[in-house]
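Working notes for the structure below.
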Amino acid sequence: MPATSPTSRPVPSFWTLHLSGWAAIGLSMYLGVLAHADPVDAFVGKMIFAALGALLTLALRPLYRWLYDRGLSIPRFAVVGAVCSYLLSLGWSAAYHTATTAYRAWQAGEAFAVPSGGALISGALFYSFIILAWSMLYVGAKYYLDLQAQRERALAAESLAHQAQLQALRYQLNPHFLFNTLNAISTLIVERQHRDAERMVARLSDFLRLTLESSSAAEIPLAEELAFVRQYLEIQQVRFGERLQVAYDVDAEALSACVPPLLLQPLVENAVRHGITSREEGGRLTLDARRVGGHLHLRVADDGPGPPDAATMTASDGVGLSNVQARLQALYGDDARFQMERADGGGCVVSITLPFHTDPQAPSTEPTLSASSTPALTHTTRR
């Protein structure tokens, strides 16, 4: 048996369990006869009994390991164990009676006489049950530890697949955003707005640098995510100028909360595209963040035309928003909520609620999102 378990908790070594187990057997048998036997003789006899049992059962260990490695079924193991236990008990009984007879002869100063055949194997059936119990514990422990190892490997593989899925979702956003920004830069160049195009390229460079610096993180502080958003909005303000108005309402306590990277940028991009671009006069975008008890509440709102009617909504509309919800589901499961709805008086409001914590966590080892599924948005989807 291995010395440590495949889990984080250490498991006693085979030798620790083996020797302590046989010592406990010898001690318990000694205490059982102490009331009507000489203490010294009883102690020597039971320790000889336990020592011989510990020594002889070691002969079964390589056999059991050999059979186990060849995938012997449990019923066949039981048969082999029963046969081996009885055969070994005959040798144990003979060795025990020979040793105790020699000890008593030595104490009495008499010549040693080998016990008769019947005396040598008396009690062998009882001894066989002890060896069989040892065999069951040994094989059972190996099965248990192997099962734990398989479970640990499955969880590790699932965790790696989960992390790969989150990374894939992250990487899905970069070309999506990059395409839109480069398209805007191309438009500025065509319109001969070279100064604005140069400013947008510089802002894009800063934004991509920030993105790459956190590319391997499962979560980042909200303060860093807001830095991404500000960089993105500065890019857009080069394009829209005063047509794009931005307001932030962020609690200081919320800034340390951990959130998935690029959580807000797709929401802000959606608001700019559908709430600002579609209006000649532009519009206003508001971003709120606050802690409420054990949760972080985020809200991105615009005063544009608002989302379409519920009858026209589809779950496949928009890479950015479905990506955000997929990552929330993968990281937090039912502890996160995503809602998109029409605001009173027009416009669109996207609300996110997720657990508040300040220590970045690794991706969960029990993912709730399959590779082929993307959860539907609550109430509505991308416009």
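The values are calculated or read from the model by the stated rules, or taken from the named source; none is laboratory data. The structure displayed is predicted, hence computed values, not measured ones. Positions of Cβ are generated from backbone atoms using ideal geometry, with glycine treated the same way; all protein chains shown enter the neighbour counts.
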note = Ala217 vs (1) surrounded by fewer than 16 Cβ atoms within 10 Å (Cβ to Cβ); (2) modelled with pLDDT of 85 or more; (3) within 23 Å of Ser322 (Cβ to Cβ): all pass except (2)
query = Counting just the residues of region 27-73 that are modelled with pLDDT of 85 or more, more than 23 Å from Ala99 (Cα to Cα) and of a type in the set (A, V, I, L, M, F, W, C), which one comes out surrounded by the fewest Cβ atoms within 10 Å (Cβ to Cβ)?
reply = Trp66
task = Quick one: count up the residues across region 104-124 that are touching a helix residue (DSSP H, G or I) at 6+ places or on another chain (Cβ under 6 Å) and part of a loop (DSSP other than H, G, I, E, B).
result = 4
query = Picking from Ala108, Ala94, Ala99, which residue would you name as being modelled with pLDDT of 85 or more, of a type in the set (A, V, I, L, M) and under 21 Å from Ala37 (Cα atoms)?
reply = Ala99
remark   = Residues of region 10-53 being aromatic (Phe, Trp, Tyr) and within 22 Å of Ser93 (Cα to Cα), in sequence order, are Trp22, Tyr30, Phe43, Phe49
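Could you pull out the residue among Ser122, Ser89, Ser116 that is at pLDDT 85 or above and either of a type outside the set (Val, Ile, Thr) or over 17 Å from Ala51 (Cα atoms) (or both)?
The unique qualifying residue is Ser89.
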query = Which one is surrounded by the fewest Cβ atoms within 10 Å (Cβ to Cβ), of the residues in region 95-119 that are more than 15 Å from Gly45 (Cα to Cα) and touching a residue at least 12 places away in the same chain (Cβ under 8 Å)?
reply = Ala113
message = Return the residues of region 278-307 that are part of a loop (DSSP other than H, G, I, E, B) and buried (at least 16 other Cβ atoms within 10 Å of the Cβ); say none if nothing qualifies.
response = Gly282, Asp303, Gly304, Pro305, Gly306, Pro307
ask   = In region 35-73, what residues are charged (D, E, K, R) and either part of a loop (DSSP other than H, G, I, E, B) or touching an Asp or Glu at 6+ places or on another chain (Cβ under 6 Å) (or both)?
value = Asp38, Arg70
task = Out of Tyr64, Tyr103, report the one residue that is among the aromatic types (Phe, Trp, Tyr) and closer than 17 Å to Ala141 by Cα.
result = Tyr64
ask   = Got a sec? Which of Thr211, Thr277 is modelled with pLDDT under 85 and farther than 23 Å from Met340 by Cβ?
value = Thr211
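Hey, can you tell me all the residues within region 238-270 that are of a type in the set (D, E, K, R) and either at pLDDT 90 or above or surrounded by 15 or more Cβ atoms within 10 Å (Cβ to Cβ) (or both)?
Arg239, Arg243, Asp249, Asp251, Glu253, Glu269
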